[in-house]
Structures are given as structure tokens and as C-alpha cells.
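We did not get these values from a lab; they are worked out from the coordinates using the rules stated. Please read these numbers as outputs of a predicted model, since none were measured by experiment. So basically every Cβ, Gly included, is an ideal-geometry build from the backbone, and we count neighbours across all protein chains shown.
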Amino acid sequence: MNNGSVKFDKVDVLSVHTNTTQTLINITEDRLRLKLIDYEEVNSARRRYEFPLGVLIALVPTLLTASEFRNVFGLKADTWQALFVIATILSGVAVLWTLWRGRDSCSIDDLVKRIKTPPEQS
């Protein structure tokens, strides 16, 4: 040591500044797991609309372009058309439902706030 400095393999460190104050969150493992499961369920709901939206995008043009349905696989044309209409309605409802469920998605900061909240307040 020379004049209050520390020498490390050819590097002279003149001073060390520490800024390591942290907030400590004390939580049980089971409670943390429950919070993380809730977070994952809510945020994954945001992405679940993609499949029904893809189906909806495929079905709508079929119905809008005045497609001519034919008797195939033992089903009459009217039955095929009804199946397409029902599938379109169901996929539209599924898109709306998944978007509705995904409205509660939260950020990492929101998750940390939820973890910090004592059990009797959550």
C-alpha cells in the first residue's frame, strides 16, 4: 500500500466508493410461488389470443367471398357452411375472451409491489 491506495496487479486503486444499499424482501417460498404463478397466468393470457385470431383470419375471408360449399365427406354444403359460421363465431369469442383476460397483465414493477404487499393486504 502506498499513500492509502491498494495495488492489484498493475492497477492502482485510489479509492473505492460503495453504493450497495438495497431493499430486502422477506417472503416464504410458497407465497413467492403463488405470486409468480399468478403473474405468469395473467401475462400468458395476453398471448393466448394469437391462435384463435389466426383461425378467425382464415375463416372470415371464406365466408365473405361468397364461397361455394360442396357436399364432401358425407356432409351437405349447408352443413359445411354452418360449421364455418359456428367456427368463425367461436374463434371471434375466443379472441375477445383472451383479450379480456389479458387486460390485467402487469409489469415486473407491479409484480415486485405485489410481492412486497403483506399477506393480510393482498
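Listing for the model above:
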{"read-out": "Label of the coordinate-derived value, Cα Rg over 2.2 N^0.38 Å, listed as (i) 0.99; (ii) 2.12; (iii) 1.87", "value": "(ii)"}
{"read-out": "Helix runs (DSSP H) in the chain reaching 30 Å along axis by Cα, Kyte-Doolittle at least 0.5", "value": "77-101"}
{"read-out": "Difference of contour (0.36 nm per residue) and Cα-Cα distance, GLU29 to LEU53", "value": "4.9 nm"}
{"read-out": "Estimated FRET transfer efficiency when R0 is 41 angstrom, pair ASP110-SER67 (beta carbons, to 0.05)", "value": "0.35"}
{"read-out": "Packing-based order for 109-116, 72-79, using average beta carbon neighbours within 10 Å, highest first", "value": "109-116, 72-79"}
